[in-house]
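Single-structure report; data block below.
The values are calculated or read from the model by the stated rules, or taken from the named source; none is laboratory data. Note that the structure is a prediction, hence the values are computed from the model and not measured. In this analysis, Cβ positions are derived from the backbone assuming ideal geometry, glycine residues included, and neighbour counts consider all displayed protein chains. Accessible surface is based on the protein model in full, side chains and every heavy atom, while ligands, DNA and RNA are left aside. Shrake-Rupley method; radii C 1.70, N 1.55, O 1.52, S 1.80 Å.
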Amino acid sequence: MTFGQRVSNWRYALATANPPPDVEMDGITKWLVVTRAAVFSMTVTSGLIGGLLAIGANAAAVNYGYLALAVVGLVVSHAANNLINDYFDMEAGIDTDEYVRALYAPHPVLSGWLTKAQLRNAIIVLNVIDFAILVALVVARGPLVAVFALSGLFISVFYVAPPISLKKRGLGEPGVFLTWGPLMIGGTYFVATGTIPGWVWVASLPYAILVTTVLFGKHIDKIVPDSERHIRTLPVILGERRARAVASGLMIAFYPIVIGSVLVGWIGPWVALVILAIPRLIEVLGQFSQPKPETPPNAYVGWPLWFVGGAFIHTRRAGAMLILGLILNVILPVTLPWVS
């Protein structure tokens, strides 16, 4: 296999969470699929938001080594979280060959790619790496780093693990909101600077809302099988029509919160570039306004998932515009006349 073919495989796996069809698969592609690396961009974005907020507030106070280490730790944690979810859902008998998880992409064990022991060992290795990063950052910044990290670990493990199983109790969506917003963004800001002003908590909310819409979309796609398995996600509790309306409202809410943060002076005005994602928002709102189609469009990858794809595309576009705005705030700072 040529290097070019390998790169093509990696790009396909990162775009679709699946291996390319009818092509020899290399080891890196396998692990990109197994860890569901296609969604790591959301975690990287949360980390970058925290870092760029810190740089924009006081670049001289930022330790860029600690910042980079924090972002790496977040991605490793996300990979471990995805494997933990697969392990415990399989152990609980939820993940089967007929369940949605094994239909939209290969399940690590059910696909035959890994043994249960190999999956468990991968989880251990990833958590050992994260623990080493945690120790280094706690030594550098103090015990508050452990509060951020262990809070995220708690949500990660008990999202599916018994006896708490947050997902089964309608608490998975709030857990994701807290993790990808205040914990990741706020935690990265703290690691970068050693401080965390109150406005950072508010600034962490818009992107947290977007990531939550992705989970909403996925759980809307799984309402029927989740209901049959007594998994009471928020979309199961709300019902499909109301869940689609709530997800749409959350996507819309991202914009006034960002603009409001600009108007009160918490974030520089360049982040108003998020309005460039509104055309994509309108497309996705159209998708969420209708029930899921009976059959997938031609060449569609990831079926039976449907709504999650639209929510993810919007989150990626709006998140990219937010990151661009934060970068411009750093290199071309502008102060609104009414902000002192």
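The table below gives the values:
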{"quantity": "Where a residue in the stretch 228-239 is among the polar types (S, T, N, Q) and its partner, wherever it lies, is open to solvent by less than 30 Å² (accessible area, probe 1.4 Å), with Cβ under 7 Å and at least six apart", "calculated": "Thr233/Lys167; Thr233/Gly170; Thr233/Gly172; Thr233/His219; Thr233/Asp226"}
{"quantity": "Conditions (1) at pLDDT 95 or above; (2) open to solvent by 40 Å² or more (accessible area, probe 1.4 Å); (3) under 26 Å from Val211 (Cβ atoms); (4) of a type outside the set (A, V, I, L, M): number failed by Ser46", "calculated": "(2)"}
{"quantity": "Failed item, numbered, when Leu52 is tested on (1) of a type outside the set (Phe, Trp, Tyr); (2) open to solvent by less than 20 Å² (accessible area, probe 1.4 Å); (3) more than 14 Å from the chain's Cα centre (by Cα)", "calculated": "(2)"}
{"quantity": "Some residue of the stretch 327-337 being open to solvent by less than 20 Å² (accessible area, probe 1.4 Å), closer than 29 Å to Leu14 by Cα and touching a residue at least 60 places away in the same chain (Cβ under 8 Å)", "calculated": "no"}
{"quantity": "Looking only at the stretch 1-31, and only at residues there that are within 21 Å of Gly310 (Cα to Cα) and outside any loop (DSSP other than H, G, I, E, B), the one that is most open to solvent (accessible area, probe 1.4 Å)", "calculated": "Arg11"}
{"quantity": "Those residues of the stretch 75-89 which are open to solvent by 30 Å² or more (accessible area, probe 1.4 Å) and either among the aliphatic types (A, V, I, L, M) or farther than 18 Å from Ile133 by Cβ (or both), in sequence order", "calculated": "Val75, Tyr87, Phe88"}
{"quantity": "Pairs where the first residue, in the stretch 248-273, is hydroxyl-bearing (Ser, Thr, Tyr) and the second is open to solvent by 30 Å² or more (accessible area, probe 1.4 Å), C-beta under 9 Å, 6+ apart", "calculated": "Ser248/Leu285; Ser248/Ser289; Tyr255/Ile275; Tyr255/Ile278; Ser261/Trp199; Ser261/Val202; Ser261/Leu205"}
{"quantity": "Residue tally, condition under 30 Å from Ile223 (Cα atoms), assigned to a helix (DSSP H, G or I) and either open to solvent by 40 Å² or more (accessible area, probe 1.4 Å) or in contact with a strand residue (DSSP E or B) (Cβ under 8 Å, 6 or more places away or on another chain) (or both), over the stretch 112-149", "calculated": "2"}
{"quantity": "Count of residues meeting criterion [of a type in the set (S, T, N, Q), touching a helix residue (DSSP H, G or I) at 6+ places or on another chain (Cβ under 7 Å) and open to solvent by 10 Å² or more (accessible area, probe 1.4 Å)] in the stretch 188-207", "calculated": "1"}
{"quantity": "Met90 being hydrophobic (A, V, I, L, M, F, W, C), in a helix (DSSP H, G or I), at pLDDT below 95 and more than 30 Å from Ile267 (Cα to Cα)", "calculated": "yes"}
{"quantity": "Options Val246, Val211: the member that is over 26 Å from Val75 (Cα atoms) and modelled with pLDDT of 95 or more", "calculated": "Val246"}
{"quantity": "Residues located in the stretch 1-51, provided they are over 20 Å from Leu126 (Cα atoms) and among the basic types (Lys, Arg)", "calculated": "Arg6, Arg11"}
{"quantity": "Subset tally (residues that are open to solvent by 20 Å² or more (accessible area, probe 1.4 Å) and in contact with a helix residue (DSSP H, G or I) (Cβ under 8 Å, 6 or more places away or on another chain)) for the stretch 256-266", "calculated": "3"}
{"quantity": "Boolean, Gly181 is open to solvent by less than 10 Å² (accessible area, probe 1.4 Å), assigned to a helix (DSSP H, G or I) and not polar (S, T, N, Q)", "calculated": "yes"}
{"quantity": "Of residues in the stretch 281-340 being of a type in the set (Gly, Ala, Ser) and in a helix (DSSP H, G or I), the one nearest to Ala57 (Cα to Cα)", "calculated": "Gly325"}
{"quantity": "Complete set of residues in the stretch 239-255 that are open to solvent by less than 40 Å² (accessible area, probe 1.4 Å), farther than 24 Å from Thr335 by Cα and within 22 Å of the chain's Cα centre (by Cα)", "calculated": "Ala243, Arg244, Ala247, Ser248, Gly249, Met251, Ala253"}
